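For reference, the structure is listed below as structure tokens.
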Amino acid sequence: MIIRRTAQIVLIGLLTAIILPGIPPARADETERTENLRMQLVLDVSGSMREADIDGQTRMAVAQRAFNEVVDAVPAGTHLGIRVLGATYPGDDQALGCQDTQQIVPVGPVDREQAKAAIASLRPTGYTPIGLALREAAKDLGTGETARRIVLISDGEDTCAPPDPCDVARELAAQGTRLIVDTLGLTLDDAVRQQLVCIASATGGTYTTAQSADELADRINQLVDRAQDTYTQTPELVTGSADCAAAPLLAPGVYADRERFSEHRWYRVPIQPDQELRASVSIALDRPVNRDYGVLLRAVHPNGRELVRGTDAGSGRTDVLSTGLRWSAASDSDPEDSDPEDSDPEDADPDSADPDDTDREDTAREGAGTEAAPTEVCLVVSNSFAGPGGAGNAPGMPVELTLDLVAASPTPDSPGLGRGWLLLVVLGLAGLLTGVVAGWLTRWWGTVWKEN
């Protein structure tokens, strides 16, 4: 028995030693965070939150349960605060009621027990001063190099305007500090929806309804997770053009723009022959859209020839749609990288088809063998969104474009399916060696077994 167990350990050890070297090492996050993520949850605690119309529970009970789950799940390093509105003044004096907003948990490292105790003490009480609460929440978050986020949860319209919440959201967006307000509605009332959509769209945020405690907790956690991925660099505001010639010239960085339904926005990126362009785009759905949609990101030669594309598509409800691409002059001239399917015009957004562009691309392909590498690459962001009747198309949907230029390499940093040959050789040798060793150990094991 001891010999058999020893043989098993030896076999496992040898197989591990053979296979593991072919697995690429994990990479550390290359983004150096200069400050912690700062978020503020803003909760409506006005009298209407007493309504018991969500799974037989009051809206307040559902919100408290969701907040507790979120507090437990907040990632380490997040600075989270909680502000409430309409929570303390029960009287009829509107002037006093419309000043009723307090920060019950300061923005900072989360003390989970303190936060839960503060949440448990809330009782639906008064008015709904959303505009004032947003202003104060922005002050709570302060300023800095990175984006700040507010998540507003409400079941009703502001009852205290002025200030009008939409005007406050536009005011905050115009201050130059990157502040994003995501809104969550606890009712299907159309007037409430319109106000919350307006607040979110003015700041590049998203709007969603939640009709259960699980939906509310899941949605807030999604927003926290997304903020973890995007807050580290404040996007620079930019306006894409209708064609490449007039497009803004962009350096590596993160940029924010807005794009209307079925629109195409162009940008230019300078690139050296020894560089590789990496680009990604995300479009947030801050308003209702029709069921089927897609987003297309293309890198295009200045002469009109498509170099590479990235696409994403969906059907049904989603919050954000993203895609990306990478391109270098070396990959463009490598026959292994050319894929007829990547340039199939049937895959492109039909609205972007232009007969002149098609002629230019065909001509460029015929002379591709002698074509010089471009010193600028044109990027175009297209979408196939459409809205139901009455859906607003202005301002456009929030677009976040990320650009990077790195040293070009003829092969990936570690074996991968992009090139294929190195990976096949490694796997072939590993399989051959594994078979030889396994066969030898099996024969040796059988001999030992017979002798014992």
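The values are calculated or read from the model by the stated rules, or taken from the named source; none is laboratory data. These numbers were taken from a predicted model, which means no experiment stands behind them. Cβ coordinates were reconstructed from backbone atoms using ideal geometry, including for glycine residues, and neighbour counts include every protein chain displayed.
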Subset of region 159-174 that is of a type in the set (A, V, I, L, M) and crowded, with 19+ Cβ neighbours inside 10 Å - its residue that is nearest to Tyr127 (Cα to Cα): Val168
Residue list for region 137-162, filter: closer than 22 Å to Val70 by Cα and in a helix (DSSP H, G or I): Ala137, Ala138, Asp140, Leu141
Unique match (being at pLDDT 90 or above and assigned by TED's automatic domain parsing to the domain that holds Ala76) among Ala174, Ala200, Ala147, Ala118: Ala118
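Answer yes or no: is there a residue in region 75-85 that is surrounded by 13 or more Cβ atoms within 10 Å (Cβ to Cβ), within 27 Å of Gln211 (Cβ to Cβ), modelled with pLDDT under 90 and in the same structural domain as Gly142 (by TED's automatic domain parsing).
Taking region 75-85 and keeping what is surrounded by 13 or more Cβ atoms within 10 Å (Cβ to Cβ), we get 75, 78-85.
Retained after the next criterion (residues that are within 27 Å of Gln211 (Cβ to Cβ)): 75, 78, 80-85.
When the remaining residues are screened for being modelled with pLDDT under 90, the result is 75, 78.
Still in the list and also in the same structural domain as Gly142 (by TED's automatic domain parsing): 75, 78.
Checking region 75-85: at least one residue is surrounded by 13 or more Cβ atoms within 10 Å (Cβ to Cβ), within 27 Å of Gln211 (Cβ to Cβ), modelled with pLDDT under 90 and in the same structural domain as Gly142 (by TED's automatic domain parsing).
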Residue that is modelled with the lowest pLDDT [pool: residues in region 255-291 that are within 21 Å of the chain's Cα centre (by Cα), farther than 17 Å from Asp312 by Cα and surrounded by fewer than 19 Cβ atoms within 10 Å (Cβ to Cβ)]: Pro288
Residue tally, condition outside any strand (DSSP E or B), within 21 Å of Gly185 (Cα to Cα) and under 24 Å from the mean Cα position of the chain (by Cα), over region 69-97: 3
Any chance Leu134 is in contact with a helix residue (DSSP H, G or I) (Cβ under 7 Å, 6 or more places away or on another chain) and touching a residue at least 60 places away in the same chain (Cβ under 8 Å): yes
Residue match in region 185-199 (condition: in contact with a helix residue (DSSP H, G or I) (Cβ under 6 Å, 6 or more places away or on another chain) and not in a helix (DSSP H, G or I)): yes
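Of the residues Arg65, Arg123, only one is surrounded by fewer than 20 Cβ atoms within 10 Å (Cβ to Cβ), over 30 Å from the mean Cα position of the chain (by Cα) and in contact (Cβ under 8 Å) with a residue 24 or more places away in the chain; which? Before the answer, list the steps.
Numbers: Arg65 fails: over 30 Å from the mean Cα position of the chain (by Cα).
Every option except Arg123 fails the conditions.
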Filter pass, Ile104 being part of a strand (DSSP E or B), surrounded by fewer than 23 Cβ atoms within 10 Å (Cβ to Cβ) and in contact with a helix residue (DSSP H, G or I) (Cβ under 7 Å, 6 or more places away or on another chain): yes
In region 358-390, residue nearest to the chain's Cα centre (by Cα) [restricted to those that are part of a loop (DSSP other than H, G, I, E, B) and modelled with pLDDT under 60]: Gly390
Per-region count, region 278-310, residues among the basic types (Lys, Arg) and either free of Cβ contacts under 8 Å to residues at least 12 places away in the same chain or closer than 20 Å to Leu405 by Cβ (or both): 3
Among residues of region 107-125, those that are assigned to a loop (DSSP other than H, G, I, E, B) and under 18 Å from Arg148 (Cα atoms), counted: 1
Number of the condition not met by Pro395 [criteria: (1) modelled with pLDDT under 80; (2) more than 30 Å from Gln194 (Cα to Cα)]: (2)
Subset of region 305-321 that is touching an Asp or Glu at 6+ places or on another chain (Cβ under 6 Å) and at pLDDT below 90 - its residue that is farthest from Arg226 (Cα to Cα): Ser315
Unique match (being at pLDDT 75 or above, surrounded by 14 or more Cβ atoms within 10 Å (Cβ to Cβ) and not assigned by TED's automatic domain parsing to the domain that holds Ala247) among Leu429, Leu403, Leu433: Leu433
